[in-house]
Amino acid sequence: MGRLSEKSSTISKLRDAIVGDDTSGLPFYLRFKIASAAAVPLAIIAAICSLLSSYINESSPSKGEHTLLPHLLVNGSGSSMMANTYWRSLASFSAYLQQQQSPYVLDSSFLAAGSGVGRSDFFNAFGLFGATDSDVSASDLKYFLPDDGSGYSNVTKYIDPRAPAHLGALLFPTMAGALAVIHNVPWIARLEAIQELNPGLPLPAAQIKLIGRGDSSGSTQIFTSYLAKYSSKFKSLVGASSLPKWPSSTILGNTASELIYVSSNIKYSLTYAPMEAVSQAKSIGQNPQIASLYNSKRKITAPGDMQSIISAMDTAALEAPFSRHSYLNIYDIAAVDAYPIALMSFILIRENYFYFSPGSQYECDRIKAMVYFWYFLFTDASIVKDNLAQGWVPVTGDMLNDNMKLLELVTCNRKSIMQDLNTDFQRKEYYANS
């Protein structure tokens, strides 16, 4: 009964925080009085001050001394496919903040544990964001506020009991890439379907070995969805899933790099991996063989062609309306130049963050730093260039505009994060030009 009453109390606080109070204009949780801290004996304070005075020169700091800045943790987990990209981008953002003499130091943490873990960690409030290459479940979709604004009339309906201190979720794409089909086949292996297409060609009696992901993976979701679309047998036996029912003969690995490495050492094998993993494999001396594929328009396309990814993404975006749940598939798009197994990666963040305890400004500063990072990822030219070099195409056009609208929805304790950031940008520009 105690736990139920705690949850009810938290939901009540959230409802009051959203709706507010007509008499004071302040959220319910801001009207709590903080109990006075126990007094520290003056003798101890005096002793500490005396000790510190022997080490600290209280005059103006000399050249080379720095004011101690607060550290803000921005943490998340999920897509192993995007891990190197997010690690690299977070490091670049941290360096940028330091260059701009930011009033805080960024501490970032991204756990590459797979899309399934990223979604679970996010909805259980283990991090500020979750990275996923596949969609949320139907049961999680109900915690996204309606796009018509009607959700605020009954916020309790949209409160996730796993994280009752927050309201609403947002999902949006970060970038797109190609899922390459990788083979180690010295010559075409004898498969019945291939033999039927080549009746006069002698084929070796070798069985192709499939190497697949053994964990929940967004790239597996896209790969199996594409195959299931064209093979009813594959759809019924294996399925289109981030964790499919692989045949018992399948060799399993848990990262894209592992799949490539295993395939390079097993003749007559076939696997799949994002192009960034292919580039990384080549950088350490491996030589994965990449297949070109016919698309739905019967045109041969290559996964290394960035224009084929842009074509798939732009075509899919044409019919995609603005949504808090901005998930869309870009595989097998009916465009002349589109690569058929293109994919997108997505980020989950909260729409409304609420903190009911003292020190909540620190938490809101963390949210602000996180939102600033995604803004930086989408708009900084050097980051875009670096990611393109690794095989990732940034969102552009209408898709980028929608992402910016979603960032503008984010609040912490009823205060707009992007409005706060825009004030900072304007202030910085004013002093830079004065």
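Is there a residue being modelled with pLDDT of 95 or more, open to solvent by less than 20 Å² (accessible area, probe 1.4 Å) and farther than 16 Å from G177 by Cα anywhere in region 396-406?
yes
What are the pairs with Cβ atoms under 6 angstrom where one residue, in region 382-401, is farther than 13 Å from T174 by Cα and touching a residue at least 40 places away in the same chain (Cβ under 8 Å) and the other, located anywhere, is open to solvent by less than 20 Å² (accessible area, probe 1.4 Å) and acidic (D, E)? Sequence gap at least six, or different chains.
These pairs meet every condition: Q390/E276; G391/E276.
Which of the residues spanning region 121-140 are farther than 17 Å from S345 by Cβ and of a type outside the set (A, V, I, L, M)?
F123, N124, F126, S137, S139, D140
Name every residue in region 129-143 that is out of contact with any helix residue (DSSP H, G or I) (no Cβ under 7 Å at 6 or more places or on another chain) and either free of Cβ contacts under 8 Å to residues at least 60 places away in the same chain or surrounded by fewer than 19 Cβ atoms within 10 Å (Cβ to Cβ) (or both), in order of residue number.
If we filter region 129-143 for residues that are out of contact with any helix residue (DSSP H, G or I) (no Cβ under 7 Å at 6 or more places or on another chain), which is where we start, we get 135, 137-139, 141-142.
Matches in region 129-143: S137, A138, S139, L141, K142.
Output yes when any residue across region 301-314 is without any contact (Cβ under 8 Å) to a residue 24 or more places away in the chain and open to solvent by 20 Å² or more (accessible area, probe 1.4 Å), and no when none is.
Going through region 301-314, the residues without any contact (Cβ under 8 Å) to a residue 24 or more places away in the chain turn out to be none.
Looking through region 301-314, none of the residues is without any contact (Cβ under 8 Å) to a residue 24 or more places away in the chain and open to solvent by 20 Å² or more (accessible area, probe 1.4 Å).
What's the number of the condition S323 fails, among (1) at pLDDT 95 or above; (2) buried (at least 19 other Cβ atoms within 10 Å of the Cβ)?
For S323, the failing item is (2).
Going through region 214-232 one residue at a time, which ones are open to solvent by less than 40 Å² (accessible area, probe 1.4 Å) and in a helix (DSSP H, G or I)?
The answer is G218, S219, T220, I222, F223, T224, S225, Y226, A228.
Just give me the residues in region 80-92 being open to solvent by less than 20 Å² (accessible area, probe 1.4 Å) and at pLDDT 95 or above, in sequence order.
Y86, S89, L90
Take the residues of region 93-128 that are part of a strand (DSSP E or B) and surrounded by 22 or more Cβ atoms within 10 Å (Cβ to Cβ): which is nearest to the chain's Cα centre (by Cα)? Working first, answer last.
First pass over region 93-128, keeping only residues part of a strand (DSSP E or B): 105-112.
From what's left, surrounded by 22 or more Cβ atoms within 10 Å (Cβ to Cβ): 106, 110.
Details: L106: 18, F110: 10 Å.
Result: F110.
Does any residue in region 210-237 that is closer than 18 Å to S77 by Cβ come within less than 6 Å, Cβ to Cβ, of a residue that is part of a helix (DSSP H, G or I) and open to solvent by 10 Å² or more (accessible area, probe 1.4 Å) six or more places away or on a different chain, and which pairs are these?
These pairs meet every condition: S216/G116.
Since S77 meets every condition but one in (1) over 12 Å from the mean Cα position of the chain (by Cα); (2) open to solvent by less than 50 Å² (accessible area, probe 1.4 Å), which condition does it not meet?
(1)
Could you tell me whether A320 is within 18 Å of D133 (Cβ to Cβ) and of a type in the set (A, V, I, L, M)? Talk me through it step by step, then tell me what you get.
Details: within 18 Å of D133 (Cβ to Cβ): yes; of a type in the set (A, V, I, L, M): yes.
Yes; evaluated as a whole, the condition is true for this residue.
I'd like to verify a number: residues in region 347-382 that are open to solvent by 50 Å² or more (accessible area, probe 1.4 Å), at pLDDT 90 or above and of a type outside the set (S, T, N, Q), how many?
4
Against the definition (among the β-branched types (V, I, T), at pLDDT 90 or above and under 30 Å from P394 (Cβ atoms)), how does V238 come out, yes or no?
Numbers: among the β-branched types (V, I, T): yes; at pLDDT 90 or above: yes; under 30 Å from P394 (Cβ atoms): no.
Answer is no for this residue.
Across region 233-288, what is the number of residues that are more than 22 Å from the chain's Cα centre (by Cα), surrounded by 15 or more Cβ atoms within 10 Å (Cβ to Cβ), more than 15 Å from G218 (Cα to Cα) and not hydrophobic (A, V, I, L, M, F, W, C)?
9
Quick check on T174: is it touching a residue at least 40 places away in the same chain (Cβ under 8 Å), open to solvent by less than 20 Å² (accessible area, probe 1.4 Å) and polar (S, T, N, Q)? Walk me through it before giving the result.
Numbers: touching a residue at least 40 places away in the same chain (Cβ under 8 Å): yes; open to solvent by less than 20 Å² (accessible area, probe 1.4 Å): yes; polar (S, T, N, Q): yes.
Criteria met by T174.
The values are calculated or read from the model by the stated rules, or taken from the named source; none is laboratory data. Remember, predicted model here, so these are calculated numbers, not experimental data. Cβ: placed from backbone, ideal geometry, glycine included. Neighbour counts: every protein chain shown. Heavy atoms of the whole protein, side chains included, go into the accessibility calculation; ligands, DNA and RNA do not. Shrake-Rupley method; radii C 1.70, N 1.55, O 1.52, S 1.80 Å.
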